[in-house]
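The values are calculated or read from the model by the stated rules, or taken from the named source; none is laboratory data. Remember, it's a predicted structure, so these values are computed and weren't measured experimentally. So basically every Cβ, Gly included, is an ideal-geometry build from the backbone, and we count neighbours across all protein chains shown. The accessibility values were calculated without ligands, DNA or RNA, using every heavy atom of the protein model including side chains. Shrake-Rupley method; radii C 1.70, N 1.55, O 1.52, S 1.80 Å.
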Amino acid sequence: MQVLQKLQKLGPTLETANKYLLTPAIFILTVAVSIYTAITKNQMDKQNAIITEETAKIQNAAKSIESELAEKEFENNLKFQMYTEVKEAISDTNSKKQKVVLSLVNEMLADDSTFREKLITILLASSQVDASVKEEQNQIELRKERFEGGFQDSFPVFTIDVLYSDDLAKKVSVKAESVSKLLQEKYPSYNIRLRSLPREINAKRAFRFGRNEIRYNKTDSALAYNIQKELLAAKLISEDSVKLNEGIGPRNSEGPKNYMTLFIKTVSQN
């Protein structure tokens, strides 16, 4: 009985002790849980970021493979089509059609010299092919050699080639000549060359001009913009008719040193 009475007397004291002991313990536990949760969340976020990055890499790699496969499929289909055209041209005595096929092979396979040469050899070796077709191929080779012979890795004097497509020569050669003369007047210390661009060369990846365009190396960007202004001021081009394109090598990479190209397809007379 005395023990019970003593415990009853101690009841308020124990409650007070529990209050002051349990509250900090709960607080510490709460803080510990929060810290643990934060650490766990941070680790999960890092893991998710890694997974997301890896997933993106896999997706990009897959897209790259799909693109390569699609390009290969296109190239194979193109080769087969060109082969079919050559076979048909061999059995046809129409020299005009044979010349068209010859032109197609030279242009469509401009970047595949090995397969192109094989098809041209097959075509020209046929007894059904007219002699004028063989002469046409000789002229194509001469035009290509003449044009490619004017290229160097670096030019001792800054050189600007004013190009125009040989199949549009009558329409644009006079206008391209006007552009060339203006550049010679404005930049007398430069080597300004007016040149006809063979279609077979323009079909290559390194060229493929399709509109009025200035191609330049990064270090010559200021000069490119100045030339554009000069042509605008002389009303040889309209502002929206010329494209400035950094890069003059294959796929717009850096090309020869001290070199710039200006392609003229159409020139507005304002």
Exercise. Tell me, what % of the accessible area of the stretch 31-165 is carbon and sulfur with a 1.4 angstrom probe?
Worked result: 56
For this session: Go ahead and run the numbers for FRET between LYS257 and ARG205, Cβ-Cβ distance against an R0 of 22 Å, rounding to 0.05.
Result: 0.60
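With every protein chain kept in the model, how would you rank THR93, THR261 by accessible area, 1.4 Å probe, largest at the top? Kindly include the intermediate steps, with their values, before the conclusion.
On the way: THR93 100, THR261 10 Å².
From most exposed to least exposed: THR93, THR261.
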Problem set entry | Alpha-carbon centroid distance for the pair the stretch 186-205 / the stretch 212-233, whole angstrom | 15
Problem set entry | Estimated inter-spin distance, THR219 and ALA131, nm [label 7 Å along Cα→Cβ] | 5.3
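Return one whole number: the accessible area per residue of the stretch 141-259 in Å², for a 1.4 Å probe.
Details: 6390 Å² over 119 residues.
Here the per-residue accessible area is 54 Å².
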Exercise. What length, rounded to one decimal in nm, is gained on full extension from ILE35 through to GLU246, with 0.36 nm per residue of separation minus their alpha-carbon distance?
Worked result: 70.6 nm
Seminar exercise, completed: Computed from the beta carbon distance with a Förster radius of 45 Å, FRET efficiency for LYS72 and LYS229 to the nearest 0.05 stands at 0.55
For this session: Taking the Cα centre of the stretch 94-231 as origin, work out the dipole magnitude from +1 charges on Lys and Arg Cβ and -1 charges on Asp and Glu Cβ, in debye rounded to 20.
Result: 400
